[in-house]
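Inspection log for the structure reproduced underneath, given as structure tokens.
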Amino acid sequence: MTLPRISERVANLEEAQTLGMAQRVRDRRAQGKEVISMLLGEPDFPVPLPIQEAAIAAIREGVAPYPPVAGLLPLREAIAHYYERQYGVPVSPQQVVVSSGSKQAIYNTLLTLLSPGEEVIIPVPYWVSYLPLVYLAEGRPVLVPTSPQTQYRLTPEALEKAITPRTRVLILNSPANPTGTTYTRAELSALIEVLQNHPHVWVLSDEIYDLLSYEERTVSALEFEAVRDRTVVCNGFSKAFAMPGWRLGYLIAPVDIAQAATKVQGQTTAGANIIAQKAALAGLSGDIEALVAPMRKAFEQRRNAIYTYLSTHHPEMHPYKPEGAFYFFLSVAAYLGKKTPHGTLLHTADDVADYLLEEGVAVVPGTGFGMNTHIRISYAVALSEIERGLQRLTQALHALA
Ligand code: PLP
């Protein structure tokens, strides 16, 4: 009998679709083809200067020991202060675990909370990595559809229906990737009310876009005292601080959970890059609003321009004006079943994204987000590029028969 070379767990693991598309864009560009990429969730802004300078100073110190597994204490303190200042909630540094990106913080959380077979409620559409991370942690994802009518918000009724005695975690993400949907205090409050009747359910609140909200300040799940002792917040420095490649994120959890997550991390990555930690500390210690506001303003301008364009030229894509993050999630259902000028039939959003890539504009198909009738476009791209990208998109879609 030949044994499989790759474990079942990993063999079934999906490739991160966004990263796969990014590689295809690189390949096409290497072949000399021009591609406008509206693909990735990484800000097109430089790392803020105080962060850069702190990193250089940390390198010049010349020593780089292994960091404490849970992160440098001053950084954990600064993160705790940030949540206290921003959301008015008490957080102690012992509740904070710094990781190599918030993706790792999410994985640490799931490994810490889930026993095999326990259920994790995930509203659809979802960020691409939730599902694979739940599988890796041997949990069972329970997908709950949402509707464009509620701008893809999970409703209290749908949540109530999805909860079983096996439910362990509800994942919330606000502002959300891929939709930009941002829950108001009243909406979150209604969901929390449901959870009050189900004390065995934990909240994993992914707040990575918390500073990129265009209408009003976001609300943290930690603000709800009723579930604070069973809430884990995951956040990081990849978005508002524009440092995704530095790989730095964190979780905030009740102390026993933070300690258990630290144990996981101690046996896997042993703590996040120490230079990045010192640099991030400089970012959190200064005037955060001054660092983030210019970028947020640019994103808001782009969002408004795209929304105007799409509502005028593509009502069939049902554009929804995102309240936060930097994505539009658009229906391509009107184009499924149509043929490209080369005669290829478009069955799913993957086919649409493949076709658009051939036409020189890269978008992410919604399949990885749980909806194969949609595509996601990112506006972490200069406005001039966005304008050209949208025109290309329109031309390509009009050429379908
Ligand atoms: N959560 C969401 C919703 C995201 O969109 C991303 C990145 O795109 C992450 C988490 C992971 O971010 P990080 O770079 O901190 O691992």
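Points worth noting:
- Sites L136 and R166 - FRET efficiency at Förster radius 25 Å, r taken between beta-carbons, to 0.05: 0.85
- Placed amide H near G236: partners under 5 Å, 5+ positions off or other chain: Y250
- Long pairs among K239/K278; K161/K321; K103/K263; K239/K297, criterion Cα-Cα beyond 20 Å: K161/K321
- GNM flexibility winner over the chain from I386, I257, I56 (Cα, springs under 10 Å): I56
- Within the range 93-124: backbone nitrogen closer than 15 Å to the H200 label point (7 Å, Cα to C-beta): 114-121
- Highest GNM mean-square fluctuation among R140, R388, R153, for the chain modelled with Cα contacts below 10 Å: R388.
- Orientation-averaged projection of the range 89-197 equals 7.6 nm² [convex hull of Cα atoms, one quarter of hull surface area].
- Spacing of the two label points (7 Å from each Cα toward its C-beta) at V124 and T308, in nm: 3.6
- Most fluctuating residue given options A258, A380, A190, as computed from a GNM of the chain linking Cα atoms under 10 Å: A190
- ³J(HN,Hα) computed for each position of the range 143-157 - Karplus, 6.51 cos²θ - 1.76 cosθ + 1.60, integer Hz, glycine/proline x: 8, 10, x, 10, 10, x, 5, 9, 6, 6, 8, 6, 9, x, 5
- Long-range tail of P(r) for the range 190-297 (Cα pairs > 22 Å, %): 43
- Ratio Rg/Rh, restricted to the chain and using Cα atoms, in which Rh is the Kirkwood radius: 0.97
- Cα-projected label distance for A11 with T184, points at 7 Å along beta-carbon direction, nm: 5.0
- Applying 1/(1 + (r/R0)^6) with R0 = 41 Å to the Cβ-Cβ distance of Q391 and I56 gives a FRET efficiency near 0.50.
- Of the chymotrypsin sites (Phe, Trp or Tyr not before Pro) in the range 354-386, those whose Cβ has at most 13 other Cβ within 10 Å and which sit in DSSP loop: none
- Equivalent ellipsoid dimensions for the range 49-286 as semi-axes, Å, which come from the Cα gyration tensor, largest first: 30, 19, 16
- Fully extending the segment from S92 to R24, taken as 0.36 nm per residue of separation minus the present Cα-Cα distance, adds 20.1 nm.
- Computing FRET efficiency as 1/(1 + (r/R0)^6) for F45 and S147, where r is the C-beta to C-beta distance and R0 is 25 Å, gives about 0.15.
- Computed over the range 7-92, Cα set: Rg, Dmax in Å: 20.1, 54
- Summarising the label geometry, the points placed 7 Å from Cα in the beta-carbon direction at E216 and L3 lie 5.8 nm from one another.
- The length gained on full extension between H342 and E157, counted as 0.36 nm times the residue separation minus their Cα-Cα distance, comes to 62.0 nm.
- Over the chain, Cα pairs under 8 Å with separation of 6+ residues give a relative contact order of 23 percent.
- Remark: the range 391-401, residue by residue, has Karplus-estimated 3J(HN,Hα) of 4, 4, 4, 4, 4, 5, 5, 5, 7, 6, 10 Hz, where x stands for each Gly or Pro and the curve is 6.51 cos²θ - 1.76 cosθ + 1.60 at θ = phi - 60°.
- You can think of it this way: the chain between K263 and E358 has 29.6 nm of extra reach, that is 0.36 nm per residue less the Cα-Cα gap.
Where a number appears in this text, it was derived from the coordinates with a stated rule and is not lab data. Worth saying up front: this structure is predicted, and the values here are computed from it rather than measured. All Cβ positions, glycine included, derive from the backbone under ideal geometry; neighbour counts span all protein chains shown.
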